[in-house]
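We did not get these values from a lab; they are worked out from the coordinates using the rules stated. On a predicted model such as this, the values are computed, not experimentally measured, just so you know. Every residue, glycine among them, receives a Cβ derived from its backbone with ideal geometry; neighbour counts consider all protein chains shown.
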């Protein structure tokens, strides 16, 4: 089975009069059902719950109050799922609702449980419909969106492609509204700082539909070795055409080198609990030698963290070098910093490991 993740934004599904554009949901369901019949595993990451809830609450504009956003999401999520359910029934396809929060990714056990749930659903031919659990995830409502979630889910299920349905045809060279000569960039091999800066520009075409967040999510997916497409989600039939070999929208091509699923989890899902400041010798060993972090290379620690927590390794100039899972707590590292591994047991009275962070649990940033 070929496995893909399709991310659908609220700008694709929202309707000013009805709350949800059920005709478009039906059209998307038709396209995805066709993919299923062509031996594709498909996971949908869908927004739209808040938009649906706004209609039910008779709100004229998107609420700014967090509690009202949560209420809108709670009342709208059932409408969103019912719209998908009704649409996919016509094509004899089963769907399942999966609501996730950041904790489901940062906690390793919950991460594995989420992975098992999704892969089990796929093994039974069910189409999982994933959404942020907006009713409890206040930080995500306030700052985030489902682009990042889609990249994380794509890694979680080990997808080969992430297809982002946008309200534009792809990534543009310039704003087509002010630059008639603007064209869609067909292929991107590297997301450069210049490209990111352009996506940040207010009023720019690449900023339309939250293109900056899409680029950040794309960078994550590319590091996993996942091919990413941005296409127009308002045009029917493009999904099938794209996966039939036709070039549509913008394709982002991953490099041959990819990080493992576990290191991807460390890099993008774990929450940073503290900082470890390291000397130049440790920096060189980690970056160029692919080595573990030993206590001898540690200058100081910052923050309160325990064994297994994620920490940043920072050089003497304040640059972030790596992120990893520590084998020792902050108080233990305070006692063994700058010491040789042979001294750990003598100082602490015990030794968990020679390494403060093993290279298998260390990711360059």
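Once the Cα atoms of helix 22-37 and of the chain are each reduced to a long axis, what angle between those two axes, in degrees from 0 to 90 to the nearest 10, is obtained?
70 degrees
For segment 271-364, I need the span (max minus min coordinate) of the C-alpha atoms along each principal axis, in Å, sorted largest to smallest.
33, 26, 23
Over the chain, calculate the relative contact order: mean separation of alpha carbon pairs under 8 Å at least 6 apart, over the residue count, as a percent. List each step's numbers first, then the result.
Details: 737 pairs, mean separation 50.3, N = 365.
Answer for the chain is 14 percent.
How would you classify segment 64-199 from its alpha-carbon gyration tensor, with a ≥ b ≥ c the square roots of the eigenvalues: rounded for a/c under 1.5, else prolate if a/b is greater than b/c, otherwise oblate? Mind dumping the intermediate values first?
Numbers: a/c = 1.59, a/b = 1.48, b/c = 1.08.
Since a/c reaches 1.5 and a/b is larger than b/c, the shape of segment 64-199 is classed as prolate.
Per-residue ellipticity at 222 nm for the chain, helices alone: DSSP H runs ≥ 4 residues times -39500 (n - 2.57), over residue total, nearest 500 deg cm²/dmol? Display every interim value, and only then the final one.
Working: 15 runs with 146 residues, N = 365.
After summing the helix terms and dividing by residue count, I get -11500 deg cm²/dmol.
Rank-order 125-132, 33-40 by packing density, defined as the average count of other C-beta atoms within 10 Å over each peptide's residues, highest first. Present the calculation step by step, with values, prior to reporting the outcome.
Numbers: 125-132: 20.4, 33-40: 15.2.
The most tightly packed comes first, giving 125-132, 33-40.
Let me understand the chain better: what is its radius of gyration from the alpha carbons, and its Dmax, in angstrom?
Considering the chain through its Cα atoms, Rg and Dmax are 22.7, 72 Å.
Rounded if a/c is under 1.5, else prolate if a/b is larger than b/c, else oblate: which is segment 1-110, with a ≥ b ≥ c the root eigenvalues of its Cα gyration tensor? Working shown, then result.
Values: a/c = 2.46, a/b = 1.29, b/c = 1.91.
It is oblate, given that a/c is not under 1.5 and a/b is not larger than b/c.
So if each residue of separation counts as 0.36 nm, and I subtract the Cα-Cα distance between residue 352 and residue 91, what length gain in nm does that give?
Separation in residues times 0.36 nm, less the Cα-Cα distance, equals 88.4 nm.
Evaluate the Kirkwood expression for the hydrodynamic radius of segment 201-294, namely the inverse of the mean inverse distance over all pairs of different C-alpha atoms, and round to one decimal in Å.
Working: mean 1/r = 0.0598 Å⁻¹.
Kirkwood hydrodynamic radius for segment 201-294: 16.7 Å.
What ranking, highest mean first, results for peptides 346-352, 301-307, 265-271 when packing means the other Cβ atoms within 10 Å averaged over each residue?
Numbers: 346-352: 12.0, 301-307: 15.0, 265-271: 19.7.
In descending order of packing, they fall as 265-271, 301-307, 346-352.
Antiparallel DSSP bridges in the chain: what percent, to the nearest 5? Don't skip to the end; give the middle numbers.
Details: 20 of 53 bridges.
Percentage antiparallel, nearest 5: 40.
Any chance you could check the Cα centroid distance between segment 29-47 and segment 238-308 for me, in angstrom?
The distance from the Cα centre of segment 29-47 to that of segment 238-308 comes to 30 Å.
How many nm is it between the label spots at residue 306 and residue 113, if each spot is 7 Å from the Cα in line with the beta carbon?
Reported label-point gap for residue 306 and residue 113 is 1.7 nm.
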